[in-house]
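Inspection log for the structure reproduced underneath, given as structure tokens.
What follows is calculated from the coordinates using simple rules that are stated; it is not laboratory data. What you are looking at is a predicted structure, and each value in this text was computed from that prediction instead of being measured. Here the Cβ is made from the backbone with ideal geometry for all residues, glycine too, and neighbour counts use every protein chain on show.
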Protein chains: 2
Amino acid sequence: MNSLESSISYFESAFREQISIIEATAPQRLYEPVAYSLKIGGKRLRPALMLHTASLFTKSVGQILPAAMAIEIFHNFTLLHDDIMDKSDMRRGVPTVHRKYSENTAILSGDAMSILAFKYLGKINNSHLQEVFSLFSITALEVCEGQQLDMDFETRDQVTIDEYIEMIRLKTAVLIACSLKMGALLAGAGSEQADLLYDYGIYVGLAFQLQDDWLDVFGDPEIFGKKQGVDICANKKTFLLLKAFEACDADLLQELNHWIQKTDFDPKEKVAAVIAIYEKTGVSQAAHDLMKSYHDKALAALGKLDIPAAEKKTLIAFADEAMVRAK
Amino acid sequence: MNSLESSISYFESAFREQISIIEATAPQRLYEPVAYSLKIGGKRLRPALMLHTASLFTKSVGQILPAAMAIEIFHNFTLLHDDIMDKSDMRRGVPTVHRKYSENTAILSGDAMSILAFKYLGKINNSHLQEVFSLFSITALEVCEGQQLDMDFETRDQVTIDEYIEMIRLKTAVLIACSLKMGALLAGAGSEQADLLYDYGIYVGLAFQLQDDWLDVFGDPEIFGKKQGVDICANKKTFLLLKAFEACDADLLQELNHWIQKTDFDPKEKVAAVIAIYEKTGVSQAAHDLMKSYHDKALAALGKLDIPAAEKKTLIAFADEAMVRAK
């Protein structure tokens, strides 16, 4: 598999078959919402990264497909339950599960998805299963911890940039890193190689999330697929906002606090005003500098990987893409 | 371990240590509710059954403690999320997690508990881990399926007794059966012995749940620890109600339907009226006959077990207790 796209298609066709099986399982009111959630789609980045990584060390990638499905099912479970907690009505252009069905359905179907992920992982017949199983359960807990910190930050007055980075490491980066490491371990790459890929995944994951924050403000809503400034309107403590607080002079700080505290505002006006502050404080550049430093660390980890340079192309391209992507 | 009580104490002291570790884990807002939920307690029947069963086949029961904890954590996770879905305010005399903290906390802490159960299971170093892992994840899914059927039945007009039994098999019996089977497998008992214990667990679990239904109506609320007739007031389609519908003549049917359809009623009056119908239709005896048949099947499975008769005493006593217990 030379490109991530080919891993994505390979995964998608096998996964669609499994979704059909899940959809046809009784009781229908439990499994149909599971299938609905899995069909909504998404980029399938995590399973594709796992399969691609495995392909660097083995020719029999098909064997680890159930583990790739486990990661994708788990990821979609977290989105489903996060949508309940965040009261989000739409995801990828369609109603979220708790909107389309009910909140109880969303809770229970999500529970089933989390368990289903472990069930798929258990299908693997591999001498490294115990190690992978332990990695997966620790990572899954970390994702919950990240979501908890994200919710905690909403009600806290002060959040440092370090705390924010730790939150996105847990909420986003560890599952990407886990996908890569699992692919390596299951392909028999050994723990040293697997750990390098984990490090690569953490740094790419952090850059990926920072770019997500950046796109909310500076992206093209048509391409990004989300309205501009959603985070700004919600006072979400992203890197940009936290950095702006750090970099503001007294006047700008007063203006920023004015917009943060205002409960009755015209969204367009607030977004424009906060963007103006972001521009004056140079937080866009600061975000790019930080992304660049993560990008470099990701590539440094990749550099140490004991495979021919030509085979690193796809992962280098993915790291590049993480910080320039427009969607 | 000769009695279930000694297995319970053995488990409880080891488990309390783990709960303290969980309670001290950050982020506190995620793990404190987990510890709260685990400390509420309960009978610890499932882990005790697992440890006792293991003790029938091995002397080194301590090794499987993490699996016993996995079962207990998973069981408490299902209670926690069921309490959200059922909007229950109290459990075992204290506020439920979603009442004490918040619904979001209850969702996310429950998610963490479900994953934590798998993490504990993964701590086991045992040649049968893959088989046990597969059994546990299939069982965990079945418990979700049982909860879904339970919710489905609330809004359905017609539920057969067979459907009801299948629901309680999934919601209650399989996790008890799984505990016993896991204990046997992890102790190296072999699959034939393990399957007999699974069958025993299913039948005892069914009898256990039928007795639960019976105690709601005919138990001593002081001893049972729950108000009398909660199921009756909620029109819960228990064995007793479904059997009463089957056994009613036209007049009684009209009276039963009257009470079912009445939205504005005095609880005491409704409970007394429905109990009178239950007495006229002999559903209490029918429940005991069915429990007795499950009890006999449980003992038949136990009879085939290839261990000395004297060592079966505790499990025989547990089967007896399941159908006569008052709390």
note = Flagged as over-length at 21 Å C-alpha distance, from A:87/B:87; A:237/A:268; B:226/B:313; A:119/B:119; B:226/B:280, the pairs are B:226/B:313; B:226/B:280
note = Counted neighbours (other Cβ, 10 Å), sorted fewest up, put B:13, B:114 in the order B:13, B:114
note = What the Cα atoms of chain B span along the principal axes, largest first and in whole Å, is 62, 49, 32
query = Per residue, what volume in Å³ does the Cα convex hull of segment B:1-106 take up?
reply = 92 Å³
ask   = Angle between the Cα long axis of helix B:250-261 and the longest principal axis of chain B, 0 to 90 degrees, nearest 10?
value = 60 degrees
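Can you show me the helix-derived [θ] at 222 nm for the protein assembly as shown, built from DSSP H runs with n ≥ 4 at -39,500 (n - 2.57) apiece and divided by the number of residues, rounded to the nearest 500.
Theoretical 222 nm ellipticity from helices: -24000 deg cm²/dmol.
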message = With θ taken as phi - 60° and the coefficients 6.51, -1.76 and 1.60, list the Karplus ³J(HN,Hα) couplings across segment B:113-122 in order, rounded to whole Hz; mark glycine and proline as x.
response = 5, 4, 5, 4, 4, 5, 4, 5, 4, x
task = Would you mind telling me which residue in A:224, A:265, A:245 has the biggest mean-square fluctuation in a Gaussian network model of chain A, where springs connect alpha carbons within a distance under 10 angstrom?
result = A:265
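Using the C-alpha atoms of segment B:158-238, what convex hull volume per residue, in cubic angstrom, is computed? Don't skip to the end; give the middle numbers.
Numbers: hull volume 7.8 nm³, N = 81.
In segment B:158-238, the Cα convex hull volume per residue is 96 Å³.
So if we plug the beta-carbon distance of residue A:23 and residue A:307 into 1/(1 + (r/R0)^6) with R0 = 35 Å, what FRET efficiency do we get, rounded to 0.05?
On the way: r = 39 Å, r/R0 = 1.11.
My answer for the efficiency is 0.35.
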inquiry  = Need one number: nm distance between label points at residue A:157 and residue A:289, each 7 Å from Cα along Cα→Cβ, rounded to one decimal.
reply    = 2.9 nm
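Quote the relative contact order of chain B in percent (integer), defining contacts as alpha-carbon pairs under 8 Å separated by 6+ residues.
On the way: 411 pairs, mean separation 55.5, N = 327.
After rounding, I find 17 percent.
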Estimated vicinal HN-Hα couplings, Hz - segment B:299-308 in sequence order (Karplus 6.51, -1.76, 1.60; Gly, Pro = x) = 5, 5, 4, 4, x, 7, 5, 8, 9, x
ask   = Magnitude of the Cβ-charge dipole of chain A, K/R +1 and D/E -1, about the Cα centre, nearest 20 debye?
value = 1100 debye
task = Could you tell me which of A:79, A:127, A:252 has its Cα farthest along the dipole of chain A towards the positive end, charges placed at Cβ (Lys, Arg +1; Asp, Glu -1), taken about the Cα centre?
result = A:127
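Over the whole of B:136-148, what's the average partner chain Cβ count within 10 Å per residue? Rounded to a whole number, please.
On the way: counts 4, 9, 3, 1, 7, 10, 1, 3, 13, 8, 2, 7, 12.
Other-chain Cβ atoms within 10 Å of each residue's Cβ, averaged: 6.
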key: Among the listed pairs B:43/B:236; A:171/A:243; A:39/A:270; A:123/B:123, those beyond 29 Å (Cα-Cα)   = A:39/A:270
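Within the P(r) computed for segment B:85-204, what percentage of the Cα pairs occupies the region above 23 Å? Present the calculation step by step, with values, prior to reporting the outcome.
Values: 3262 of 7140 pairs.
Across segment B:85-204, Cα pairs with separations above 23 Å total 46 percent.
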message = Rounding to the nearest 10 and keeping the result within 0 to 90°, find how far the Cα-based axis of helix A:191-218 lies from the longest principal axis of chain A.
response = 40 degrees
remark   = For residue A:91, other-chain or 5+-apart residues with amide H closer than 5 Å (H placed, Pro excluded) are A:96
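Using a 10 Å cut-off on Cβ to Cβ distances, tally the other chain neighbours for every residue of B:116-122 and report the average as a whole number. Don't jump to the answer; show the numbers that get you there.
Numbers: counts 4, 3, 12, 7, 1, 3, 11.
Average neighbour count from other chains, rounded to a whole number: 6.
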query = Hey, what do the phi angles of segment A:176-185 turn into as Karplus ³J(HN,Hα) couplings, whole Hz, using 6.51/-1.76/1.60 and θ = phi - 60°, x for Gly and Pro?
reply = 5, 4, 4, 4, 5, 5, 4, x, 5, 4
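Once you have the Kirkwood Rh of the protein assembly as shown from its Cα pairs, apply Stokes-Einstein at 25 °C and 0.890 mPa s and quote D in µm²/s.
On the way: Rh = 27.0 Å.
Rounded to a whole number, D works out at 91 µm²/s.
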ask   = How far is helix A:65-86 tilted off the main Cα axis of chain A, in degrees rounded to 10, range 0 to 90?
value = 30 degrees
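From other protein chains only, count the Cβ atoms within 10 Å of every residue's Cβ in A:27-33, then give the mean. Could you put the intermediate results ahead of the total?
Values: counts 10, 2, 5, 9, 4, 0, 0.
Across the residues of A:27-33, the mean count of other-chain Cβ atoms within 10 Å is 4.
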